[in-house]
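Step one of this worksheet: look at the structure below.
The values are calculated or read from the model by the stated rules, or taken from the named source; none is laboratory data. Computed from a predicted structure; not experimentally measured. Note: ideal-geometry Cβ built from the backbone for every residue, glycine included; neighbour counts use all protein chains shown. Each accessible area value is taken on the protein alone, full model and side chains, heavy atoms only, with ligands, DNA and RNA left out. Shrake-Rupley method; radii C 1.70, N 1.55, O 1.52, S 1.80 Å.
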Amino acid sequence: MIVVMRTNATEEQIERVAERLKQVGLGVHLSRGEFRTIIGAIGDDKKVREMGLEALPFVEQVLPISKPFKLVSREFREEDSVFTVGDCAIGGKQIVLMAGPCAVESEEQLLEAAYGVKAAGAHILRGGAFKPRTSPYSFQGLEKEGLKLLARMREKTGLPVVTEVLDRHAVDLVAEYADILQVGARNMQNFQLLRELGKLDKPVLLKRGMSATIEEWLMAAEYIVSGGNSQVILCERGIRTFETYTRNTLDLSAVPIIKHLTHLPVIVDPSHGTGSWRWVPAMSRAAIAAGADGIMVEVHPYPEKALCDGAQSLTLENFALLCRELEDVAAVLGRSLRKVMS
Ligand code: PEP
Ligand code: MN
């Protein structure tokens, strides 16, 4: 249920309602909007109905949330959620560009990639230190050494870093080095990992599972948010269909649907979505046109030498070209690639 407070409700009145809800054993989550505060009461709806909160003069309405996902739904929070990472805002007017190699391979490779993507216009550096590979014989990542290299690149370039965490036991380690923790497609329903990330005070980039419905994806986000961490960025990265021409089928229809259903920011990863660098620029433009808050693309200074996903990695030159194109697409939509603080 949600308790919608009157626009002029004071802090003390909000606190009074929250306390009463807690007293009957309900979970309480506050959503402070520009004009009013909404209190999410998680637990037995019947208990909330029986409390008669609507009799209080500072309570506007008590309503059920019809969706299975509660705290991430637009019903709980009407306005878009905006998080700041470093000096950029994710989910607002700014389009966020996350770029970098699939995997951190060496200091030289990451240095060239980091300075290259920054010069082209990227706001956040990506790079996998722990790689979830289909084959146990493939390169598994530099692990802790990779995390250290990412942190060093942040120091050098000023770009915040996003990297994947594969295991709940590694959450603290990855959080020590990363600005955004990524949950990969293969882990979208690793509920123990999601619960651990719910305890963090850092943004989580939650990729859509390769065979996950939109509802399952949002329920995964609900795990993190209900644990206390509301900073979740959703990332569409393609789903499995009968089509084999592309690595996955990039479901761009998910973007406006996600925007409709939830207040969380959504970005698109056209690299894993298509599996080929050739289709990445067109799908990036389309993602922004569809309303995505940003993109995450794989970029490698020498894609032909990449230890992982070279075929879908853009060269630095092609990434720079793409950034210029995206500036034009963003402008049409009244958005911008320039950093805008929320
Ligand atoms: C990645 O972004 O490095 C990755 C492994 O992607 P996904 O989880 O979408 O396959
Ligand atoms: Mn990859």
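Results for (1) of a type outside the set (D, E, K, R); (2) open to solvent by 80 Å² or more (accessible area, probe 1.4 Å); (3) in contact with a helix residue (DSSP H, G or I) (Cβ under 6 Å, 6 or more places away or on another chain), shown as yes or no for each residue.
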| residue | (1), (2), (3) |
| --- | --- |
| I14 | yes, no, no |
| V28 | yes, no, yes |
| G33 | yes, no, no |
| A41 | yes, no, yes |
| D45 | no, no, no |
| E50 | no, yes, no |
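Looking only at the stretch 305-340, residues that are farther than 23 Å from I90 by Cβ, of a type in the set (D, E) and away from ligand 1 (no atom under 14 Å from the Cβ) come to 1 in all. Selection of the stretch 270-304 for residues being more than 16 Å from ligand 1 (Cβ to nearest atom) and either open to solvent by less than 10 Å² (accessible area, probe 1.4 Å) or in a loop (DSSP other than H, G, I, E, B) (or both) yields I288, A290, G291, D293, P301, Y302. Among residues of the stretch 307-332 that are more than 24 Å from A103 (Cβ to Cβ) and modelled with pLDDT of 95 or more, those with a beta-carbon under 7 Å from a residue that is away from ligand 1 (no atom under 16 Å from the Cβ) and assigned to a helix (DSSP H, G or I) at least six positions away or on a different chain give the pairs E325/P281; E325/R285; L326/R285; L326/I288; V329/R285; V329/I288; V329/A289; A330/I288. Scanning the stretch 163-183 for residues that are farther than 21 Å from D251 by Cβ and open to solvent by less than 10 Å² (accessible area, probe 1.4 Å), we see that the one that is nearest to ligand 2 (Cβ to nearest atom) is T163. With the condition kept exactly as written, say whether any residue in the stretch 56-70 is more than 16 Å from ligand 1 (Cβ to nearest atom), within 30 Å of T7 (Cα to Cα), out of contact with any Ser or Thr (no Cβ under 6 Å at 6 or more places or on another chain) and without any contact (Cβ under 8 Å) to a residue 24 or more places away in the chain. For the stretch 56-70, residues more than 16 Å from ligand 1 (Cβ to nearest atom), within 30 Å of T7 (Cα to Cα), out of contact with any Ser or Thr (no Cβ under 6 Å at 6 or more places or on another chain) and without any contact (Cβ under 8 Å) to a residue 24 or more places away in the chain: present. From the list R186, R152, R133, the lone residue that is assigned to a helix (DSSP H, G or I), within 13 Å of ligand 2 (Cβ to nearest atom), among the charged types (D, E, K, R) and assigned by TED's automatic domain parsing to the domain that holds L205 is R186.
Which residue, of T262, T249, T241, T274, is polar (S, T, N, Q) and touching a residue at least 60 places away in the same chain (Cβ under 8 Å)?
Matching residue, one of T262, T249, T241, T274: T262.
If M98 meets every condition in (1) over 20 Å from the mean Cα position of the chain (by Cα); (2) at pLDDT 95 or above; (3) of a type in the set (A, V, I, L, M, F, W, C); (4) not in a helix (DSSP H, G or I) apart from one, which number is that one? The one condition M98 does not meet is (1). If the condition is being of a type in the set (D, E, K, R), surrounded by 16 or more Cβ atoms within 10 Å (Cβ to Cβ) and over 12 Å from the mean Cα position of the chain (by Cα), then the stretch 217-267 contributes E222, R247, D251, K259. Within the stretch 87-109, track down each residue that is open to solvent by 10 Å² or more (accessible area, probe 1.4 Å) and either under 23 Å from H300 (Cβ atoms) or among the aromatic types (F, W, Y) (or both). Within the stretch 87-109, E105, S106, E107, E108, Q109 meet the criteria. Looking at this structure, is L110 touching a helix residue (DSSP H, G or I) at 6+ places or on another chain (Cβ under 6 Å), within 16 Å of ligand 2 (Cβ to nearest atom) and at negative phi? In short, yes.
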